[in-house]
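Read the structure below first, then the notes.
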Amino acid sequence: MSANPFLDPALVYGDLYRTGNRLAERTLALHQAKVAGQNAAQVIVDLLARRVSPGAVVVDIGCGRGTTTLRISTRLRPERLVAVDSSVALLQTVHARLAGAGGAGSTICADFHHLPLADEVADAAVAAFCLYHSPRPAAAVAEIARCLRPNGVAVLVTKSLDSYTELDQLVQAVGLDPDATRRPSLYESFHSGNLLDIAGTHLTVLDVLHEQHVFEFADVTRLARYLATTPKYQISLANETAELAAVLREQLPAPPYVTRSTVSYALAARP
Ligand SMILES: C[S@@+](CC[C@H](N)C(=O)[O-])C[C@H]1O[C@@H](n2cnc3c(N)ncnc32)[C@H](O)[C@@H]1O
């Protein structure tokens, strides 16, 4: 087992994404708390818009619940859109969301280190908030480069190493996880600081954007919903969200509870 839960295959292929619930709750908790920072799917589509024509083939790798897939489908209307993920449950969600929005696209269950796609088949690829699950993200970038046509583009997205450190301090201060600040960053393998180097191993970086996102949790219940669904902490409580909220209510000063993360985007082309 890796010390970093985002790099532990038992968790990545198990509790984290076996069903879509945990990801949906974590994403919703962050979304509701966000007070600064653009919508990432929108930024990705904007970066691709000038480079993806209606006849294009686009691949969304590590597509998760398909938020970016959906936006690509409805905004860019590529000829072929393929959503790839290692979680069957999440691909079912993507399928349903695409159908519900009248979007077109197919899904493939695969490991992004071994994409079941032909060489030079795609005009564009996206890998958003997923390559930090790889201990060898450059190998996944090599796979993306292999599948891109010459001059095809990729948008790679990740977060900074210091994302949400305010919450590590908070969880440690209230005694819920005495080692919270000593645990490695969830993003240690692929983050804002090494994004350019890793993208540059097999692609030519054209543009990079770093944007700070700020989150204000309005009450202890909303904060507890996030803390109970991130794998960073080792908190053992029976009914996690309710009990966490009770502990937090007792120990914390009045809300809001503020935290930050830098979201970084690299636009890169296959040479
Ligand atoms: C945080 S979600 C990212 C969701 C999505 N890209 C977005 O921007 O909303 C990370 C996703 O990466 C997927 N994943 C993790 N390791 C993978 C691998 N080796 N191959 C394919 N998908 C993987 C997970 O199943 C999960 O759906």
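The values are calculated or read from the model by the stated rules, or taken from the named source; none is laboratory data. Keep in mind the model is a prediction, meaning the values are calculated, not measured. Methodologically, a virtual Cβ is constructed for each residue, glycine included, from the backbone with ideal geometry; neighbour enumeration extends over all protein chains shown. All accessible areas refer to the heavy atoms of the entire protein, side chains included, with ligands and DNA or RNA removed. Shrake-Rupley method; radii C 1.70, N 1.55, O 1.52, S 1.80 Å.
Starting from the 7 Å offset along Cα-to-Cβ, what nm value, one decimal, do you get for the label separation of A89 and V214?
In this crude label model, A89 to V214 measures out at 3.5 nm.
At 7 Å along Cα-to-Cβ for each site, give me the label-to-label distance between A99 and V121 in nm.
Result: 2.3 nm between the two label points.
Mind ordering 172-184, 38-50 by average Cβ neighbours within 10 Å, highest first?
Values: 172-184: 14.5, 38-50: 17.2.
Most protected by this proxy first, the peptides run 38-50, 172-184.
Label V35 and T19 with points 7 Å out from Cα along Cα→Cβ: what is the distance between them in nm?
Inter-label distance under the simple model: 3.3 nm.
Starting from 0.36 nm per residue, how many nanometres of slack lie between H114 and D197 once their C-alpha separation is accounted for? Intermediate results must be reported in sequence, preceding the final value.
Working: separation 83, 0.36 × 83 = 29.88 nm, distance 2.12 nm.
Taking 0.36 nm per residue and subtracting the Cα distance, the gain is 27.8 nm.
Of S106, S134, S73, which is the most mobile in a GNM of the chain whose springs link Cα atoms less than 10 angstrom apart?
S106
If the chain between E243 and T74 were fully stretched, how many nm would it gain, using 0.36 nm times the residue separation less the Cα-Cα distance?
On the way: separation 169, 0.36 × 169 = 60.84 nm, distance 4.09 nm.
Full-extension gain reported as 56.7 nm.
On the accessible surface of the chain, probed at 1.4 Å, how many percent belong to carbon and sulfur atoms?
Values: 6000 of 11780 Å².
Heavy-atom surface of the chain belonging to carbon and sulfur, 1.4 Å probe: 51 percent.
Under 13 Å from a point placed 7 Å out from the Cα of Q234 along the Cα-to-Cβ direction: which residues of the stretch 1-34 have their backbone N that close?
Residues 1-5 qualify, since their backbone N sits under 13 Å from the label point.
Let me have the 222 nm mean residue ellipticity of the chain computed from DSSP H runs of 4+ only, each contributing -39500 (n - 2.57), with the sum over all residues rounded to the nearest 500.
Values: 10 runs with 97 residues, N = 271.
Per the formula, -10500 deg cm²/dmol.
What's the FRET efficiency of A142 with A173 using the Cβ-Cβ distance as r and R₀ = 30 Å, to the nearest 0.05?
0.10
If the elastic network links every pair of Cα atoms under 10 Å, which of G62, G193, G100 fluctuates the most in the Gaussian network model of the chain?
Of the options given, G100 has the highest mean-square fluctuation.
Out of L70, L223, L237, any idea which swings most in a Gaussian network model of the chain, alpha carbons joined below 10 Å?
Checking each option, the largest mean-square fluctuation is seen for L237.
Would you give the gap between the C-alpha center of the stretch 1-41 and the C-alpha center of the stretch 185-260, rounded to a whole Å?
Computed from Cα coordinates, the inter-centre distance equals 9 Å.
Net charge around D111, counting only other residues with Cβ within less than 12 Å of its Cβ (Lys, Arg = +1; Asp, Glu = -1)?
Working: positive: R136; negative: D85, E143.
My count for the surroundings of D111 gives -1.
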